[in-house]
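The values are calculated or read from the model by the stated rules, or taken from the named source; none is laboratory data. This is a predicted model, so every value here is computed, not measured. Using ideal geometry, Cβ is built from the backbone for each residue, glycine included, and neighbour counts are taken over all protein chains shown. What goes into the accessible areas is simple: the full protein's heavy atoms, side chains included, and nothing from ligands, DNA or RNA. Shrake-Rupley method; radii C 1.70, N 1.55, O 1.52, S 1.80 Å.
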Protein chains: 2
Amino acid sequence: MAINRKMDFQADEIALADFAKAISHPARIAILKILAQHKSCICGEIVEGLPLAQATVSQHLKELKAIGLIKGTIEGKTSCYCIDWGVFNQFVAHFGIFADLSKNASCQSQSCC
Amino acid sequence: MAINRKMDFQADEIALADFAKAISHPARIAILKILAQHKSCICGEIVEGLPLAQATVSQHLKELKAIGLIKGTIEGKTSCYCIDWGVFNQFVAHFGIFADLSKNASCQSQSCC
DNA sequence: ATTTTATATCGCAAATATACGATGAATTGT
DNA sequence: ACAATTCATCGTATATTTGCGATATAAAAT
């Protein structure tokens, strides 16, 4: 692999790709779903709902936290996680880039597509 | 890695993760943007817009095609690509799962988050 | 028929991601 | 103080992704 080609892409392309990568694993989607279904933070319980070892779940949580999709604090014995909806909705809104373009762009060629 | 833990996750979780994985690289986001900006199919031109070798771009196109996000036909000497907006919008709509939940779910704990 | 052009595919190397047991750190309960 | 609990981190094995040169394929141009 060449040395960091990322610089050649635009910032918004990288940002959207990073968001997509953060949720590109079923476990992380499942974690977000579990968190979304709770009105308040979850302190534990996540590991039990997933078919993965505690260490692995902790690693997935770390990734979601790294990109800012979830917030978490350590409260005494347990940790406490919840979704940062501001960040989440901001990322989803980025798909608007395509939604806007889709109005004008449609393939008019009969021979292909 | 264990042997295909995917079976332990739900179908919609896997589907959303697969979509995210397909667009989890700046090059593939860039390709979609290029395609979206055109009213009709693009026959070539994509390689020139990216900082990658032709073989690499072809591989990224293949991935986008595999998940159905883009359609492509070979027309004589050149290939012809365009976005399948139906598939694209269908995937984006999946984020509705979270949007619905976000209305009820918000952290009420003062101590965390 | 041969060359040129456009794109796909193969094969390999390097980089990343994933999973998990073992261990560490901090806290609660006794 | 000590044991139990909860979660993070380390180390490591394996799998997947990425990138690209080389090569294949197929049509167009000469």
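Counting just the residues of the stretch A:50-70 that are over 18 Å from the mean Cα position of the chain (by Cα) and open to solvent by 50 Å² or more (accessible area, probe 1.4 Å), which one comes out farthest from DNA strand D (Cβ to nearest atom)?
A:Ala53
Report yes if some residue within the stretch A:26-45 is of a type in the set (Asp, Glu), more than 7 Å from chain B (Cβ to nearest Cβ) and assigned to a helix (DSSP H, G or I); otherwise report no.
The first filter runs over the stretch A:26-45 and keeps only residues of a type in the set (Asp, Glu), leaving A:45.
Right, trim to more than 7 Å from chain B (Cβ to nearest Cβ) and you get A:45.
Filter once more, keeping what is assigned to a helix (DSSP H, G or I): none.
No: zero hits.
Can we say A:Ser106 is farther than 19 Å from B:Gly96 by Cα, surrounded by fewer than 13 Cβ atoms within 10 Å (Cβ to Cβ) and either facing chain B (nearest Cβ under 9 Å) or modelled with pLDDT of 85 or more (or both)? Let's see the steps before the verdict.
Working: farther than 19 Å from B:Gly96 by Cα: yes; surrounded by fewer than 13 Cβ atoms within 10 Å (Cβ to Cβ): no; either facing chain B (nearest Cβ under 9 Å) or modelled with pLDDT of 85 or more (or both): yes.
When the stated conditions are applied, A:Ser106 does not pass them.
Would you check if there is a residue in the stretch A:62-75 being basic (Lys, Arg), at the interface with chain B (Cβ under 8 Å from one of its Cβ atoms) and within 30 Å of B:Ile31 (Cα to Cα)? Show your work before the answer.
Quick first cut of the stretch A:62-75, residues basic (Lys, Arg) only: A:62, A:65, A:71.
If we keep only those that are at the interface with chain B (Cβ under 8 Å from one of its Cβ atoms) as well, we get A:71.
Imposing the further condition that a residue be within 30 Å of B:Ile31 (Cα to Cα) reduces the set to none.
No: zero hits.
Any chance you could count how many residues in the stretch B:23-66 are within 13 Å of DNA strand C (Cβ to nearest atom) and among the small types (Gly, Ala, Ser)?
7
What is the residue count in the stretch A:41-62 for residues that are aliphatic (A, V, I, L, M) and touching a residue at least 24 places away in the same chain (Cβ under 8 Å)? So that I can check it myself, show each step before the final result.
Initially, the stretch A:41-62 is screened for residues aliphatic (A, V, I, L, M), giving A:42, A:46-47, A:50, A:52-53, A:55, A:57, A:61.
This time we only want the ones that are touching a residue at least 24 places away in the same chain (Cβ under 8 Å), so: A:42, A:46, A:52, A:57, A:61.
Counting residues in the stretch A:41-62 that are aliphatic (A, V, I, L, M) and touching a residue at least 24 places away in the same chain (Cβ under 8 Å) gives 5.
Restricting attention to the stretch B:57-81, report how many residues are at negative phi and either modelled with pLDDT of 90 or more or charged (D, E, K, R) (or both).
Number of matching residues: 17.
For residues in the stretch B:82-103 being charged (D, E, K, R) and at pLDDT below 80, which is most open to solvent (accessible area, probe 1.4 Å)? Before the answer, list the steps.
Initial filter on the stretch B:82-103 (charged (D, E, K, R)): B:84, B:100, B:103.
Still in the list and also at pLDDT below 80: B:100, B:103.
On the way: B:Asp100: 94, B:Lys103: 157 Å².
Ranking the candidates gives B:Lys103 first.
Restricting the search to the stretch A:6-25, which residues are open to solvent by less than 20 Å² (accessible area, probe 1.4 Å) and either more than 7 Å from chain B (Cβ to nearest Cβ) or polar (S, T, N, Q) (or both)?
If the condition is that a residue be open to solvent by less than 20 Å² (accessible area, probe 1.4 Å) and either more than 7 Å from chain B (Cβ to nearest Cβ) or polar (S, T, N, Q) (or both), then A:Phe19, A:Ala22, A:Ser24 are the ones that fit.
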